[in-house]
Amino acid sequence: MKGKRKKSVRNLVTMLVIMSMLMGMINHIELAAATTETKSVFQGDGYEVTFSLNNQWENEFQGELEIKNTGQETMENWYLMFEWNGEISSIWNGDIVNHQDGIYILKNAGWNQDIQAGETVVVGFSGVTEGEIVLPTAYGIPTQRVTADSSDYQITLEYSSVWESGYQASLTITNLTEKTLADWSVSFEFGNEITSAINGVIQEQTGHNYVIQHSTYEKNIEPGSSVTVILSGGQADTRFYPEEFELSYVDFAGNQEEENSVTDENLDTDSDGLLDWQEEYYNSSIDSADTDQDGLSDFDEVTIFHSDPASCDTDENGLMDGEEDLDGDGVTNLEEQTRNTAPEKADTDGDGISDGDEILLYHTAPVLSDTDKDGLEDGEELALGLNPLEQCSDGITLDGKRLISQSLSKENIEEGLLTEEGILVPELSGSVAGNINKHISILSKDTVLDAFAESGALIGEPVEVVSSYLEPVELNLTFHFAQMTASYEEERINNLSICRLENSSLIPLSTEISIENQTLSTKIKKEGIYFVMEVNTGLNSVGIHVEENLDGAAVSLLSEEKFVQGNNQAAAMAVSGETWVLLSDYQYVKLNGPVASTSTVDTDGDGVTDYKELGTLKAVTMTALINTFLVANGIPSEYYSGKTTIYVYNYVSNPTLTDTDFDGRNDNIDTAPRSGVFTGKLKDSGADISADISYTLDYRTFFGSSSDYNSALSVTSSVYAAGAYNNITILNSANATTYSLNALMAYQGFSDVKVYKLSSAYTDYHLSEVTIGHRKVTYNGVTKEVVAVVVRGTNSTLAEWASNFDVGDTSTYTTSSDWAVKANHKGFDIAATRILKYLTTYLAAYVNSSVTKAIWVTGHSRGAAISNILGARLVDKGYTTFAYTYAAPNTTTAATAKNYKSIFNIMNSDDFVPYLPMTAWGFTRYGRTATVSLADNYESEWEKLTGIWDYNPDTYGMQDTINSLAKIAKDRVDCYKYTCSCHGDGSKNNITITNYGMSKSSREGAIAKIPVNALAYCKITRYTGFLCVGWNFDCCQTPSYFMQVLAAQMAGTISTYRFVVELDVADRYEDAKSNIIASAIGGLEHPHYAESYYVLANHVKASNF
């Protein structure tokens, strides 16, 4: 934003006035004239003051003050300040403005307000005193020329007369304040030449820039009054009017401090959304919602457009701000507001067509995703060759129901199913209504089917077809088997069949096999689980031996190659004499005894008998699968005389597993032992949100590869990371119980859950809180200790916010013992080191050292950053680590950061936090990062989840903010350097700011406003004043000073008002401060919510990394 920013109150007392007063004191010391008992003379800088006591009697006196202008320029609207023990009771030729603690402030009488060079004004007085009169020894002239706020005045120019060779115009200045504007002058740029002025003086002219000053008889503009100056000149172009008037006047410096103290921090006079003190900062009017009259409100200019509300053409490109096109969609900012489209979003309604194309090209409604209300979004219709303005593009069928032939894109098929190493690669096509990619996806499905998998009958991976169509649609499901032909002969391929698993039934589907195209194809009509089976081997594995039950004629049709025995698991079990049963998902389990209602056998020892866990025995017909094999081999069905039915247990829980679904709830206490799904609410008291959530914790995940992204674990991690905050609890719908994170972990099977608070052992800023628990799990004969480490994000304390912004000066690396990895962000790394110490102690105390460990690490925001580093450090120590982070800031400058494949970071591209510290300083984060915009993809879902009507990101301004922050330093080391000439190398002398004070207490009060965490990153030089001037201090600010001030504001240690108005920053940081303020007003909170990352976790796929 290019507009001027006002400094706060202290800087309104200008350097010129204060220095003149200080010089006055210095001159007094060096040049003080000799004094008598009745007269003294003081030589100031450009002025001389003579104090005379003309008459004295008893306790009364009468005297005069002569004020002489010894300078070269007029002394305007003079004030006089001095310290004296006399009590003035009457005065003439002047007025007493203030008398307090022996300090007098006198003011001119109006008629004598200006003292010309070489002239003198005499002020007479009389009064009383007790004791000896001590003559004043020093004087100050505390006046300054002040630039008026644009809301303090109104200036107009009207051409009153124009002729061929000249013109005359009236320049009218109206005082809108309640005080006198003394010795006024106005500057402006004007395209016509001004040669003379009546009732005013042309004080200065540079090119087309003019300064018009008051005349000698109308020096002041009284409250509510106007002054008109008649301007004249040569040949004129009446199209020219002045722009950006600037009015100044001369006033007592102390008045400015009074005027600029805001009494109501919540006041918004013009109701434009910007508070009055924010308007002051942005130099916009508190009385006009559109200060610069460019058609955009001041609020929108600051928060959406990041333009200057006080300038109608911020970038000075000749286009009014309202005529610019912020989002580049072909529609001007003003037109966007007229049409109620979003000027910061190229596609307001999210239908896949830019607002400009909707308005200008397709004539669709840019605020309606389905203009013709036919059930299809406008962009969807265009992609399918339909007319978005006609409900029935063909004049017959509603477009929303029209069937169009299309294929599912690879983006809608889980990435792991498309690898070159895959035995079977799925493909889907069909004639469906709408865009198939909006409704259907194919996922890998971890289905048990052990009997088929162990026998070799199951080929490749089962897949799940997921559909959002409300009615069944006919689709072509194809598997490509190019990778299979090397190990499978043609005869075996001909015995393959695509099957669907429906409840406990295996349904073979009519499968078309093309050896030439290397494909297996079938038609499906519903979503569900599909897989490819070698039919004869599959039948064998469940005890159906087709070859043994064929008559002789049929047997001769089978070759040895056609019929593969596979692993005859059923036969092996029968021979052993042990008790084996087949469960409804086709896995064999071995029991410790026969199944009977009277049996007390409890194979897994979970307190529930096998009989109760197994549930009912049901018959499953295998006729369809048998016939599939017979047909494939040209054998009539009547030649088969064997069994066609098998018996499976439609089990409640697995009698050989204490926790069937591996969700941490043992079967004896789990109300849904085969589900593993947790449903409930995320209750966020800080944001007043109660969000419906659902996730699946499956401990079997930790027996897979940690470098494979697991979407279910990611969703669970996002909930746990949210639950780590003290203001967030989790309601369990199953038992109506509300849990804190540690209680939830215990509920889901973690033992010895401990909460460690770093604040209990450390007193610096690098603090956090971590919850740790473990569970011993055995799966497929392998035992592991799963250890959960959940790190809380930033709380509301100044300490943690200060740590967030302490990136670390690597030149002082060795001074911090817990800063273990030099390349890492100091604050995050120290906290990670300390948590690692707690974790090491925890493992030694509670976890079996001889058992393999899988460590699951997660966190949000600061917790994510610490988890990110912790994950990398654990990998370096050789641990199998599953790290999932949400909204993690950048954590390291390590060149090897991307090598950590088991660390997955999810980042909302609308979120400001993950961009810090900036990549321009060399920062990144460990592992792999998926960056997705919630605003572009899931805004309505977020609003439904949170109950907040409008998701509010700082869409366009955020990048400006990030860029401006990057410019405050060139790298992390530069953040801690002084570049001023007084404390550093003088390379950049723009880090120092002078704060002006009128007393020692005001100086110290201003210093006390600096947050304590920022003091270590600045150098303060105090100056001793005299009377009520000169009590100043210089503050030299490193970039880290600014970052720590920002930390204090984020923590709530200082108010936003103090951050914006009361705490000045050096010029080097002003642009960053301005953009941060605008972004904060525009919207930084929603994108960073933990709930936002729950939404993203539900959608992010492996392909996003």
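The values are calculated or read from the model by the stated rules, or taken from the named source; none is laboratory data. Just so it is clear, the model here is predicted, and its values are computed rather than measured. Glycine gets a Cβ as well: all are built from the backbone with ideal geometry, and neighbour counts include every protein chain shown.
Just checking, does the range 1053-1062 include any residue being of a type in the set (G, A, S) and buried (at least 21 other Cβ atoms within 10 Å of the Cβ)?
Taking every residue of the range 1053-1062 in turn, none turns out to be of a type in the set (G, A, S) and buried (at least 21 other Cβ atoms within 10 Å of the Cβ).
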In the range 636-660, how many are touching a strand residue (DSSP E or B) at 6+ places or on another chain (Cβ under 7 Å) and within 11 Å of L550 (Cα to Cα)? 2
Filter the helices (runs of 4 or more DSSP H) completely within the range 1019-1105 down to those with at least 1 residues that are β-branched (V, I, T). 1039-1051, 1067-1082, 1090-1097
Could you figure out which of (1) out of contact with any strand residue (DSSP E or B) (no Cβ under 9 Å at 6 or more places or on another chain); (2) exposed (fewer than 15 other Cβ atoms within 10 Å of the Cβ); (3) closer than 30 Å to H1086 by Cβ isn't true of D960? (2)
Number of the condition not met by S1092 [criteria: (1) polar (S, T, N, Q); (2) more than 22 Å from Y1017 (Cβ to Cβ); (3) surrounded by fewer than 24 Cβ atoms within 10 Å (Cβ to Cβ)]: (3)
Pairs under 7 Å by beta carbon, first residue in contact (Cβ under 8 Å) with a residue 60 or more places away in the chain and assigned by TED's automatic domain parsing to the domain that holds L135 in the range 39-54, partner among the aromatic types (F, W, Y) and crowded, with 17+ Cβ neighbours inside 10 Å, six or more apart or different chains? K39/F51; S40/F51; F42/Y139; G44/Y139; V49/F42; V49/Y139; L53/F61
Single residue of S307, S248 found to be of a type outside the set (A, V, I, L, M) and under 30 Å from V201 (Cβ atoms): S248
Cβ-Cβ under 7 Å, sequence separation 6+ or interchain: first residue in the range 249-274 and hydroxyl-bearing (S, T, Y), partner surrounded by fewer than 22 Cβ atoms within 10 Å (Cβ to Cβ) and at pLDDT below 70. Which pairs? S261/V9
When residues of the range 447-465 are limited to those that are out of contact with any Lys or Arg (no Cβ under 9 Å at 6 or more places or on another chain) and assigned to a strand (DSSP E or B), the one nearest to S407 (Cα to Cα): G460
Qualifying position, being in contact (Cβ under 8 Å) with a residue 24 or more places away in the chain and either touching a His at 6+ places or on another chain (Cβ under 8 Å) or in a loop (DSSP other than H, G, I, E, B) (or both), among L731, L767: L767
Looking at the range 910-941, which of its residues are under 16 Å from K1101 (Cβ atoms), not in a helix (DSSP H, G or I) and not aliphatic (A, V, I, L, M)? R928, T929, T931, S933, Y938
Go through (1) part of a loop (DSSP other than H, G, I, E, B); (2) surrounded by 15 or more Cβ atoms within 10 Å (Cβ to Cβ); (3) without any contact (Cβ under 8 Å) to a residue 60 or more places away in the chain; (4) not β-branched (V, I, T) one by one and return the number of the condition G224 breaks. (2)
Checking M81 against (1) touching a Cys at 6+ places or on another chain (Cβ under 7 Å); (2) not in a strand (DSSP E or B), which test does it fail? (2)
Within the range 630-653, restricting to residues that are within 24 Å of K612 (Cα to Cα) and part of a loop (DSSP other than H, G, I, E, B), the one that is farthest from the chain's Cα centre (by Cα) is Y651
So which pairs qualify, if the first residue must be in the range 1004-1021 and in contact (Cβ under 8 Å) with a residue 40 or more places away in the chain, the second must be in a loop (DSSP other than H, G, I, E, B) and β-branched (V, I, T), the Cβ gap must be under 7 Å, and the two must be at least 6 apart or on different chains? P1011/T1053; P1011/I1054; Y1017/T1038
Before we move on, is A864 modelled with pLDDT of 95 or more and not in a loop (DSSP other than H, G, I, E, B)? yes
Per the list (1) touching an Asp or Glu at 6+ places or on another chain (Cβ under 7 Å); (2) among the polar types (S, T, N, Q); (3) not in a loop (DSSP other than H, G, I, E, B), residue check on T177 breaks on (3)
Could you tell me whether D818 is within 20 Å of A894 (Cβ to Cβ), buried (at least 17 other Cβ atoms within 10 Å of the Cβ), over 22 Å from the mean Cα position of the chain (by Cα) and not assigned by TED's automatic domain parsing to the domain that holds M1043? no
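Touching a Gly at 6+ places or on another chain (Cβ under 9 Å) and among the polar types (S, T, N, Q) - does that describe any residue in the range 1096-1104?
no
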Quick one: K1000 ticks every box in (1) at pLDDT below 90; (2) over 28 Å from N266 (Cβ atoms); (3) crowded, with 17+ Cβ neighbours inside 10 Å except a single one, so which number is it? (3)
Output for Cβ contacts, cut-off 9 Å, separation at least six or different chains, first residue crowded, with 24+ Cβ neighbours inside 10 Å in the range 825-840, second among the basic types (K, R) and assigned to a helix (DSSP H, G or I), reads G827/R862; F828/R862; D829/R873; A831/R862; A832/R873
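Kindly indicate the residue of the range 783-832 that is in a strand (DSSP E or B) and touching a Ser or Thr at 6+ places or on another chain (Cβ under 8 Å) and also farthest from Y747 (Cα to Cα) among those meeting that condition.
So, considering only residues that are in a strand (DSSP E or B) and touching a Ser or Thr at 6+ places or on another chain (Cβ under 8 Å), the one farthest from Y747 (Cα to Cα) is N824.
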Kindly provide the set of residues from the range 505-553 that are exposed (fewer than 15 other Cβ atoms within 10 Å of the Cβ) and over 55 Å from the mean Cα position of the chain (by Cα), ordered by number. E548, D551, G552, A553
Here the residues within the range 942-957 that are part of a helix (DSSP H, G or I) and more than 26 Å from L326 (Cα to Cα) are K944, L945, T946
Just give me the residues in the range 681-728 being in contact with a strand residue (DSSP E or B) (Cβ under 8 Å, 6 or more places away or on another chain), among the small types (G, A, S) and part of a helix (DSSP H, G or I), in sequence order. A712, S714, S717, S718, A721, A722, G723
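Residues of the range 637-655 being touching a residue at least 60 places away in the same chain (Cβ under 8 Å) and of a type in the set (S, T, N, Q), which ones?
Those that are touching a residue at least 60 places away in the same chain (Cβ under 8 Å) and of a type in the set (S, T, N, Q): S641, T644, N650, N654.
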Out of all the residues in the range 463-476, is one or more without any contact (Cβ under 8 Å) to a residue 40 or more places away in the chain, touching a Phe, Trp or Tyr at 6+ places or on another chain (Cβ under 9 Å), assigned by TED's automatic domain parsing to the domain that holds K643 and among the β-branched types (V, I, T)? no
Do we find that V473 is buried (at least 16 other Cβ atoms within 10 Å of the Cβ), in a loop (DSSP other than H, G, I, E, B) and modelled with pLDDT of 90 or more in this structure? yes
